[in-house]
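Working notes, structure below.
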Amino acid sequence: MRNWLWLTLVACALLAPGEPAQAARFISIGTGDINGVYYPVGGAICRLVNQNRKTHGLRCSVESTGGSVYNVRNVLSREIEFGFAQSDVQWRAWNGAAPFAAKETKLRSVFSLYGETAMLVVRKDAKIANATGIRGKRINLGNPGSGQRATADVVLNVLGLKEADLALAGRYHPVEQGDALRDGRIDGFFYVVGNPATGIRDLFNAMDATMLPLNGPGFERMTWDTKYYVKDDIPGGLYRGVPQPVKTFSVKATLVTSSEVEDEVVYNLVKAVFEDIEAFRKLHPALGLLKDRAMFEALTAPIHPGAQRYYEEKALR
């Protein structure tokens, strides 16, 4: 297994010896927890950006954050320049749907990446046969401010359940939920993540757990009615004890920014990724099947002018 934390630290080295500090323009990418996929993929983007830092003056670093909702809010408040957000969270922000109180009109899209599947992971000894069987159980819904939590609320609604129907509606951060499941503090958790996910693989190697399908008429209607949810499968054999594909749905991981971020900054980040796309695909398994023209799917907010400039130059859009 590759050491993705080490890769990220290398990717985010800021200044090469002899470079003038006054020339630097520091940018940061909000990701997620270090055991998820956002964090190493953010590091992969920074690695490509930092390769040409002497040319464009950008110094890129990643921040481990609370996830999609946190990233959108902090991009808009200019705490960070870029952030990853699930495509459904991007849609909610642009349209002013909960958990956002108003339309976030300064939000801008940069590109989309891989699909993120919704998972319902449960202990085998919890005796939960299907998704509706979580009633009366201790289920982690996710930390407030995360895309995980926003999507878990949608799933509960589709299942006809409320928080009050659970014995415990957990608020564990993704980095904590694996230990909570192993220790018996919860019976299961929702998660939205790209595959393969190191944290999920480690969890399944350490204990007897399984994944339950998230499908049926309610989920069919949900994927039919929206542009940001699609039917999907978690491949069989990807995790120990899950030999067959698990039917579920997915969203897209998207990179967002603010209309207030300079065009040249966004242009150079996009250029760094697209002009070394083959290397980018090799930096994490979730990026392996990435196709450049698919990187405009599931984008709700307008594309930032700096990104659009590059796409038009290369006749990509």
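Which of the helices (runs of 4 or more DSSP H) contained wholly in region 19-81 include at least 1 residues that are under 18 Å from residue 286 (Cβ atoms) and charged (D, E, K, R)? Quick ask: steps written out before the conclusion?
Details: elements: 38-51, 53-56, 68-76.
In region 19-81, the matching helices (runs of 4 or more DSSP H) lie at 38-51.
Going by the conditions given, is residue 303 crowded, with 17+ Cβ neighbours inside 10 Å, under 20 Å from residue 118 (Cβ atoms) and β-branched (Val, Ile, Thr)? So that I can check it myself, show each step before the final result.
Working: crowded, with 17+ Cβ neighbours inside 10 Å: yes; under 20 Å from residue 118 (Cβ atoms): no; β-branched (Val, Ile, Thr): yes.
It is false that residue 303 is crowded, with 17+ Cβ neighbours inside 10 Å, under 20 Å from residue 118 (Cβ atoms) and β-branched (Val, Ile, Thr).
So which helices (runs of 4 or more DSSP H) are wholly in region 159-251 and hold at least 1 residues that are more than 21 Å from the chain's Cα centre (by Cα) and among the aliphatic types (A, V, I, L, M)?
Values: elements: 174-182, 198-206, 217-225.
Where helices (runs of 4 or more DSSP H) fall fully within region 159-251 and carry at least 1 residues being more than 21 Å from the chain's Cα centre (by Cα) and among the aliphatic types (A, V, I, L, M), they are 174-182, 198-206.
So which residues in region 203-220 are farther than 11 Å from residue 247 by Cα, touching a residue at least 40 places away in the same chain (Cβ under 8 Å) and not polar (S, T, N, Q)?
203, 207, 208, 209, 218
Residues are listed down the side, and each one gets a yes or a no for (1) farther than 30 Å from residue 96 by Cα; (2) among the acidic types (Asp, Glu); (3) at pLDDT 50 or above:
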site	(1), (2), (3)
7	yes, no, no
10	yes, no, no
13	yes, no, no
19	yes, yes, no
54	yes, no, yes
58	yes, no, yes
63	no, yes, yes
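Going by the conditions given, is residue 98 under 24 Å from residue 215 (Cα atoms) and part of a strand (DSSP E or B)?
no
Condition first: surrounded by fewer than 20 Cβ atoms within 10 Å (Cβ to Cβ), under 21 Å from the mean Cα position of the chain (by Cα) and not in a helix (DSSP H, G or I). Can you find one or more residues in region 122-144 that meet it?
Yes, region 122-144 contains a residue that is surrounded by fewer than 20 Cβ atoms within 10 Å (Cβ to Cβ), under 21 Å from the mean Cα position of the chain (by Cα) and not in a helix (DSSP H, G or I).
Quick check on my filter: what residues within region 65-88 are modelled with pLDDT of 95 or more and either among the β-branched types (Val, Ile, Thr) or in the same structural domain as residue 192 (by TED's automatic domain parsing) (or both)?
72, 75, 80
The values are calculated or read from the model by the stated rules, or taken from the named source; none is laboratory data. These figures come from a predicted structure and were not determined experimentally. Glycine gets a Cβ as well: all are built from the backbone with ideal geometry, and neighbour counts include every protein chain shown.
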